[in-house]
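In what follows, a single structure is set out as C-alpha cells and then discussed.
The values are calculated or read from the model by the stated rules, or taken from the named source; none is laboratory data. Just so it is clear, the model here is predicted, and its values are computed rather than measured. Cβ: placed from backbone, ideal geometry, glycine included. Neighbour counts: every protein chain shown. The accessibility values were calculated without ligands, DNA or RNA, using every heavy atom of the protein model including side chains. Shrake-Rupley method; radii C 1.70, N 1.55, O 1.52, S 1.80 Å.
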Amino acid sequence: MSGWYIYQYYDQEKKLNAELKSHEVLILIKNRMAAYEQVLKSGIGLFKASPNISRKQWAIFVNEHKLDENFKGIQGFGYSEVVLPENKTKHEERIKKEGFNNFKIHPAGQRELYTSIVYLEPFDERNTRAFGYDMFSEKVRNKAMSKAITSGNATLSGKITLVQEFDTDIQAGFLMYLPLYKKNTKLDTQEERMSAIKGFVYAPFRADDLMHGILGSELHSIDFTIYDGSIVTNENVLYNSGTKNKSKTLFKKVELPINGHTWTIVFTIKESLKDSSIFIIMIIPFFILMLTYLLYILIKSFIRTQEDAQSIAEVLTKDLKLSQERLQFSLEGTGDGLWDWNLKTNEVFFSKSWKEMLGFEEDEIDSSLDEWKKRVHPKDLEQVYADLIAHTEGKSDNYKNEHRVICKDGSYKWILDRGMVVSYDTDGTPLRMVGSHSDISERKESQLRIEALSITDTLTQLYNRLKLDEIFSMKLATARRYNTAFSVIIIDIDYFKNVNDTWGHQAGDDVLKEFANILKNNARETDVIGRWGGEEFLILSSDTDLNGAVELSEKLREIISLFKFSFAEHKTASFGVSSHHVGVEVKE
C-alpha cells in the first residue's frame, strides 16, 4: 500500500512538472514570436521614415539588431517589393545596375502580380538562393501575403520548404509577413489596401533552428510536437523534439494562435510504470519502515506518552516533506532564481541563484518578502501585486510579471517573474506558490534599441520625420487645449547641393552631422530637434511665442555662420518660424 501511495505521489508530481514545463514552452514561443513581430515593425518604421532605403542602409539596419545574439532562430530579415507586370523589365534592369548582372525574378512565367525579394540579410550563401524569388507565386506563401495585405497585420504562413534549403539537413519552414503600403493612401477597406500595397518586410524561419534558438536547454525538458494548423497528421509536422522513447502517453494538446495562423502543440510524457526511476522509488517504503522503527525506539526511550510521540512525528514528517518538495523543485529548475512562498504563514524561500543573479553571496541578504519588496523598482511594485492578486484569486492561469530589481552595485536588472499556485486548502484558498526569476535585461535592452532605430535618423542621431510628426501633433494639441504658446522653426542649409557635387556625399554627411551637433549643443533643453529630410531640420519649442522663436533662430544663425565645417568651411542657413499664440489659431 505504501508503494502505491509513493507511486501516486510520484505520478502527480511528474504531471505537475510537465504542466509547468509545457506552460513555459508556450510562453517562450509566444514571447519570441511577438519579439520577431516587433523586429518587422521596426523595418516598416525605417521605410516610413526614409522611403528610399539603399541596400547598404538595410544591411546596416539589420546588423544593428544583432540577430544571432538577440533573436536566435531567425533565418534572415528581408524586404520583398511588389512589381506590376508592366514594370517587371524595368525592375530587373534596376537591380542589375547595382552589380547583379544575372538578376531575374523567378520562377519564370506570366502572372498578374509579382513580388521580388530585393533585400535579405545576412546576404550569405543560403539567403542568396532567395534573391529575386517571387513568393507570391507559391500558394501557401500567397495565402499568407494576401491575408497580410487585407488585414494590415503581421501574418504567419503555413508549413513550407524555404528556397534557401540545400540537399542536406532540410527542415520545415515558415515565414512572417508585415505589409508596407504606399505613403498617403487610404487604407479603410480591403480593396484600398490591396491597391496601395508597396511591398513586405518579412522574415523566413527554419523550424528546428528556431526552436533551438527559443528554448535552448528547455528543449530537452519535455517532449512535444508542433503541427501546422489544427489537424494532427504526419504531413503537418512542423517540429518534433526528437525523442525516440516510444513509452509515452498524451499529456495535453494546445492550439496556439500566432499572427493569424494556428499551431497545434502536442505534449507527451513517459508512462510512469515504464520509467526506470519508479523502481527506485518503490524501494523507498522499505527504508521508510526501517527508519520509522528506529525512530520509534529512540523516541520511546525519552518520551513515554503516545500523544507526544505522535506530535513529534507529525512535525518531522511535515518538515521532511517540505524539504523533499523544495529539493525536487530545485533539481528540476532551469538554473534561474527560484522561489517558494507559503501563503498561509507568509514564509518565503529564495534560492541561491536568485541572490547571485543580483550580485550577492547567499548569506548577504535575507530570504524574506520584505527583502524582495524593497528591491523591486517602486514604479513596478503596484503592477507586481496586481498580477499576484489576479492569479491567487483565480483570474489568471498563472502569475507572470516583468519588473526591475536593484542589484548590489545599485544598477537595475529586468526580471521575468513567473509562478503558479500548486496547493489549495479544502475551501479552495491558495496555500502555496512556486516560481522562478529570469534575467531578461538583454532582451529589454534589445527592444529599446529597436524602438530607438525606428524613430532616429541614423546619420545625425536626431529624431526622424516620423517621430517629429508624432511629437508635433501632440505638442500642438497640448498648446490648443491649455491655451499656451508653441513655435516651429524650420532650418535649411543654404546651397548644400554644392557640397555633395564638389566633395562627394561623404563630405555632405560630415556637414550634416556637424550641423546637427550645433543645433543640439545650442538649443534649449526643452526644445525637440530632428532631421526633417535631406538638409532640412526642425525645432519644436513649447511655451515659446513668435518673438522667442525668432530670438533663438537669430542666435543659431549667427553660430552657424561662424562655424568652420569640414570641407565646406563656412556655411549659412535659412530659417522659417511659425507660431501658435494664446487665443490665436495660427500666426506667422
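Phi angles of region 79-94 translate, via the Karplus equation with coefficients 6.51, -1.76, 1.60 and θ = phi - 60°, into HN-Hα couplings of 9, 10, 9, 7, 10, 6, x, 6, 9, 4, 4, 4, 5, 5, 5, 4 Hz per residue; Gly and Pro are given as x. A Förster distance of 45 Å, applied to the separation of the beta-carbon atoms of Asp509 and Thr426, puts the FRET efficiency at 0.05.
Could you give the length gained by full extension between Arg480 and Lys182, i.e. 0.36 nm per residue of separation minus their alpha carbon distance, to one decimal place? Between Arg480 and Lys182, full extension yields 104.1 nm more.
Take every DSSP beta bridge with both residues inside the chain and express the antiparallel ones as a percent of the total, to the nearest 5. About 100 percent, rounded to the nearest 5.
Counting only lysines at least 8 places from Lys352 when in the same chain, those with an alpha carbon closer than 25 Å to its own are Lys14, Lys21, Lys318, Lys321, Lys344, Lys373, Lys374, Lys400, Lys408, Lys413, Lys444.
Working from label points 7 Å from Cα in the Cα-to-Cβ sense, the Asn346 to Glu235 distance is 6.1 nm. For Leu180, what residues show an amide H to amide H distance below 5 Å, using hydrogens built from the backbone and excluding near sequence neighbours? Excluding prolines and chain starts, which carry no amide H, the hits are Lys198, Gly199, Phe200, Val201.
By definition, a body whose alpha carbon gyration tensor gives a ≥ b ≥ c is oblate when a/c is 1.5 or more and a/b is not larger than b/c, and region 83-151 fits this oblate description. The alpha-carbon of Lys139 sits under 19 angstrom from the alpha-carbons of these aspartates and glutamates, leaving out residues fewer than 8 places away in its chain: Glu81, Glu112, Glu165, Asp228, Glu235.
For the chain, what does the relative contact order come out to in percent, with C-alpha contacts under 8 Å and a separation of six or more? Value for the chain: 10 percent. Probing with 1.4 Å while keeping every protein chain in the model, the per residue accessible area of region 337-446 equals 53 Å².
Whole-Hz Karplus values for region 252-258 come out as 6, 10, 10, 8, 10, x, 9 Hz, taken residue by residue from phi with 6.51 cos²θ - 1.76 cosθ + 1.60 and θ = phi - 60°; glycine and proline positions read x. Report the normalised scattering of region 1-215 as log10 I(q)/I(0) at q = 0.08, 0.13, 0.18 Å⁻¹, calculated by the Debye formula with identical scatterers on the alpha carbons. Each listed q corresponds, in turn, to -0.34, -0.76, -1.40. For the pair Asn500 and Ser54, a Förster radius of 22 Å applied to the C-beta separation gives a FRET efficiency near 0.90, rounded to the nearest 0.05.
Considering only DSSP states other than H, G, I, E and B, which chymotrypsin sites (Phe, Trp or Tyr not before Pro) in region 408-440 qualify as loop sites with at most 14 other Cβ atoms within 10 Å?
For chymotrypsin sites (Phe, Trp or Tyr not before Pro) across region 408-440 that sit outside H, G, I, E and B with at most 14 neighbouring Cβ atoms in 10 Å, the list is empty.
A protection proxy built from the mean count of other Cβ atoms within 10 Å ranks the segments 347-358, 199-210, most packed first, as 199-210, 347-358.
Over region 67-164, what is the percentage of antiparallel beta bridges among all DSSP beta bridges, to the nearest 5? So the antiparallel bridges amount to about 90 percent of the total. Potential lengthening of the chain between Glu191 and Lys520 amounts to 114.0 nm, from the contour at 0.36 nm per residue minus the alpha-carbon distance.
Shown here: percent of Cα pairs over 35 Å apart, derived from the displayed model; of the candidates (i) 46; (ii) 57; (iii) 36, it corresponds to (ii). Applying a DSSP loop filter and a limit of 13 other Cβ atoms within 10 Å to the chymotrypsin sites (Phe, Trp or Tyr not before Pro) in region 448-540 leaves Tyr495. From most to least packed by mean Cβ count within 10 Å, the peptides 85-97, 28-40 give 28-40, 85-97. Between Phe77 and Glu121, the built amide H atoms are under 5 Å apart, and every one of these is 5 or more places off in sequence or on another chain.
On a full-extension model of 0.36 nm per residue, what is the gain between Glu371 and Lys30, subtracting their alpha-carbon distance, rounded to one decimal in nm?
Additional length available on full extension: 119.6 nm.
Note on region 26-99: Lys pairs 8 or more places apart or on different chains, Cα atoms under 25 Å apart, count 19. Applying a DSSP loop filter and a limit of 16 other Cβ atoms within 10 Å to the trypsin sites (Lys or Arg not before Pro) in region 374-419 leaves Lys395, Lys408. Sequentially through region 388-397, phi angles give Karplus couplings (6.51, -1.76, 1.60; θ = phi - 60°) of 5, 5, 4, 6, 5, 8, x, 8, 9, 5 Hz, Gly and Pro residues having no value and appearing as x. Which of the lysines could a cross-linker bridge to Lys555, judged by Cα under 26 Å and excluding same-chain residues fewer than eight apart? Once the sequence-local lysines are set aside, what remains near Lys555 is Lys467, Lys475, Lys497, Lys513, Lys520, Lys564, Lys571, Lys587. Taking the average, over residues, of other Cβ atoms within 10 Å as the packing measure, peptides 562-572, 182-192, 428-438 rank 428-438, 562-572, 182-192 from highest down.
Against the main long axis of the alpha-carbon atoms of the chain, helix 441-455 sits at an angle near 20°.
Note on Thr458 and Ile297: the model spin-label points, each 7 Å out from Cα along the C-beta direction, lie 8.1 nm apart.
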